[in-house]
Amino acid sequence: MLATMGAMGLAPTAEAAGREPAFRAPRTGDFTLRGRGAAKVVVVGAGIAGLTCAYELGKAGYDCTVLEARDRTGGRNFTVRGGDSTVDLYGNRQTARFSDGQYLNAGPARIPQWMITLDYCRELGVPIEVFTNSNASAYIYNEKAGMTAPVRYRTAKADTYGYVSELLAKATSKGALDGEINAEDRERLLEFLKSFGDIGSKLTYTGSEHRGFTVDPAAAGTPGVELGSVPTVSEVFASGVGRYFSFEFGYDQAMLMFQPVGGMDRIPAALTRAVGGHRIRTGAVVQKITDKARGVTVTYSQDGRTRSIDADYCVAALPPHILAKIPHNLGAAVQTALEAVRPSSAGKIGLEYRSRWWETDHRIYGGITETDMDLSHIWYPSYGFHERRGLIVGYYNTGTNADSYALLSPAEREKRAVAQGVKIHGDRYRTELASSFSHHWRQTPHLEGAWHSMSGGPDAPAYAPLNQAAGRVYFAGDYLSYADAWQHGAFTSARKVVTTLHQRVLA
Ligand code: PHE
C-alpha cells in the first residue's frame, strides 16, 4: 500500500515526517536504502546492474520497469543448457544438445570470496559450491615454447621453485646478497629456500617428490616411484611454465572461489523473481532516450511495434558502446565518453563428453590447464564429480584468439579446439565427445562485448560524464567500476547509482 501511495505521491518520506536522517550509507553485505522513495524509474538493460537497480529500488518503494532487448534476463550472465538457442551477428545459429544437468557458464563462471556477488547469493538464497580455479594436477602445455608433452602444474612448480631456490641459495652463499641482508637473515633465507625448493643441504636441485610420482606410494613394499628425468634449469625456463604461476596470487583469482550450484544464471534468475516478471519487458529494443525537465521518455520497439514509457528517472544499464548507437539528448560530453569505452572480445566452447575421462584417466577433478595455443585455457568442471557425463570448457580465449574462432562456423570451432586438446589429453578428447556449443560475446546481439577497456580506469576525466546523472538519466554497469568483467562491478555500480538517485528523491 505504501508503494502504491508512494507512486501516487501520497506517501510522506521519513525526512518529511521529521524523523531520523532518512538516508544511511550502505554497508558491505547488508545494503539497503533507508526511507521510501516514490518515483517511477525505467531501467534499460536486465543484466546484473539493471536487475540490481530494479531490485534495490523496488525494496525502497520505487515503481520500476526494466526494458531488455534480448529474450532473457541476465545480460552476459548466460548459462547454456540443452535446448538453448542463439544466433550470432555472423548468422551462426546454434542449439545446445547438452544432456540434463550439463551446463556451460558462457559468461561469468567464478566468484572470489571477497566480492559482494556472494552477498547477493546469500540474500537471494542461491546456493553456492567451490569452484576450482587452480589445481596441482592440471596441465601446462606450451607448444610454441617447444614443449612436446604436457607437464602437471605440480611438476612445473617443483622444477621452477627448485631451480630458483638453488640459484638464490648459491648467490646468498657466495655473499652476493651481503649488502642487502645481514647474516641472520641470510640463514633464514637459506632455511626458507631449502624447504620451498626442496634443495637439500647441498643447496642443489636434483628433483623432488613435489614433482609427483609415476607409481604412487601405497602399502608396505610400495614406496612409490618419483617422476624421473628432471629437466635442466635452462629447459625449465625455456618452457615458459613459470608465466602462469602468479595468476593464483591475484586478488581476483585466488582460491577458494565459488560458483552457484546449477549454473551462474541462478543469480539473475533469483533477481528476476525478486524484481517480479511483470516489471520486466523482454524483446524491448530501446530506440531513443529523451531527458526532459520533469521526466524521461524512453522509446522502444517490441513485437514490431514502437512504444514509449515515461518515468521520473532512467537508469541506462546497457553496454556503453550499444548506448552510444542509440539516439539521445544527453549531450555531446556523454556521447564522447560513451564512445571512449572500447568493447573487448572473449569466447568459450563447451564440450560435453560421454565419460569423465579427465577424472578416471588423468585424475583431474576441476581446475584449469594452461596453454600457449590459441584455445588458451581448458577448464575441467567443478560440478558433477564421478557422474557419468561431464562438460569441459574447451577454449576460453580473448582478443584476437577469440575473434579468429568467432569467424569459424561452430563445427569448425569445435574441430580446431579438439585438435589442440588432443595434443594434451590424447584421443579420448575426440572419441568421447558428445556435442559442443560455442559462444562469442563480441558477436552477441545487443551485447557485442565481453568486457571493456577504458584508458585510465573508470575515474579518468574522460568518463566523468557517466559517473554522474545526465539530467534524469543515470549510468550503471561493471564498466563504471574497478571490477570490470566481474558481476561485483555491476552490483557495486548499481548500488552507487540507486544510492545517489534515492538521495536526490529524498532531498
Ligand atoms: N572475470 C573474468 C574471469 O575471471 C574476466 C577476467 C579475467 C577479469 C582475468 C580479470 C582478470 O575470467
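The values are calculated or read from the model by the stated rules, or taken from the named source; none is laboratory data. Just so you know, these numbers come straight off a predicted model, no measurement behind them. Don't worry about glycine lacking a Cβ; one is built from the backbone with ideal geometry, like all the others, and counts go over all protein chains shown.
A few points about this structure:
- Applying the criterion of being part of a loop (DSSP other than H, G, I, E, B) and either within 16 Å of E129 (Cα to Cα) or touching a strand residue (DSSP E or B) at 6+ places or on another chain (Cβ under 8 Å) (or both) to the residues of the stretch 93-106, the residue that is nearest to the ligand (Cβ to nearest atom) is A106.
- The listed residue being at pLDDT 95 or above, in contact with an Asp or Glu (Cβ under 6 Å, 6 or more places away or on another chain) and closer than 30 Å to R81 by Cβ, out of V236, V261: V261
- Pairs where the first residue, in the stretch 108-123, is more than 17 Å from G75 (Cβ to Cβ) and the second is of a type in the set (G, A, S), C-beta under 6 Å, 6+ apart: D119/G29
- In the set A332, A346, A337, A324, only one residue is out of contact with any Asp or Glu (no Cβ under 7 Å at 6 or more places or on another chain) and under 18 Å from L480 (Cα atoms); that residue is A337.
- Count - residues of the stretch 171-230 that are part of a loop (DSSP other than H, G, I, E, B), in contact with a strand residue (DSSP E or B) (Cβ under 9 Å, 6 or more places away or on another chain) and hydrophobic (A, V, I, L, M, F, W, C): 1
- Residue list for the stretch 412-457, filter: within 16 Å of the ligand (Cβ to nearest atom), in a strand (DSSP E or B) and in contact with a helix residue (DSSP H, G or I) (Cβ under 6 Å, 6 or more places away or on another chain): H440, H452
- Conditions (1) assigned to a loop (DSSP other than H, G, I, E, B); (2) among the hydrophobic types (A, V, I, L, M, F, W, C); (3) more than 16 Å from the ligand (Cβ to nearest atom): number failed by W114: (3)
- The set of residues in the stretch 240-266 being part of a loop (DSSP other than H, G, I, E, B), within 12 Å of the ligand (Cβ to nearest atom) and either surrounded by 15 or more Cβ atoms within 10 Å (Cβ to Cβ) or touching a residue at least 12 places away in the same chain (Cβ under 8 Å) (or both) consists of Y251, D252, Q253, A254, M264.
- Hits in the stretch 465-482 - residues which are buried (at least 24 other Cβ atoms within 10 Å of the Cβ), touching a Leu at 6+ places or on another chain (Cβ under 8 Å) and not aromatic (F, W, Y): L466, G477, L480
- Options E412, E448; residue that is surrounded by fewer than 16 Cβ atoms within 10 Å (Cβ to Cβ) and acidic (D, E): E412
Here is a yes/no grid of residues against (1) of a type in the set (V, I, T); (2) out of contact with any helix residue (DSSP H, G or I) (no Cβ under 9 Å at 6 or more places or on another chain):
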{"site": "M255", "(1), (2)": "no, no"}
{"site": "A270", "(1), (2)": "no, no"}
{"site": "I280", "(1), (2)": "yes, no"}
{"site": "K292", "(1), (2)": "no, yes"}
{"site": "C314", "(1), (2)": "no, yes"}
{"site": "P319", "(1), (2)": "no, no"}
{"site": "I326", "(1), (2)": "yes, yes"}
{"site": "E339", "(1), (2)": "no, no"}
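- Across the stretch 335-359, the number of residues qualifying as crowded, with 21+ Cβ neighbours inside 10 Å and either free of Cβ contacts under 8 Å to residues at least 24 places away in the same chain or of a type outside the set (K, R) (or both) comes to 12.
- Qualifying residue in the stretch 342-358 (condition: closer than 30 Å to N135 by Cβ and assigned to a helix (DSSP H, G or I)): yes
- The residue pairs whose first member lies in the stretch 476-502 and is on the phi > 0 side of the Ramachandran plot, whose second member is at pLDDT 95 or above and hydrophobic (A, V, I, L, M, F, W, C), and whose beta carbons are closer than 8 Å, counting only pairs six or more residues apart or on different chains, are G477/A49; G477/A317; G477/L318; G477/A490; A485/A450; A485/W451.
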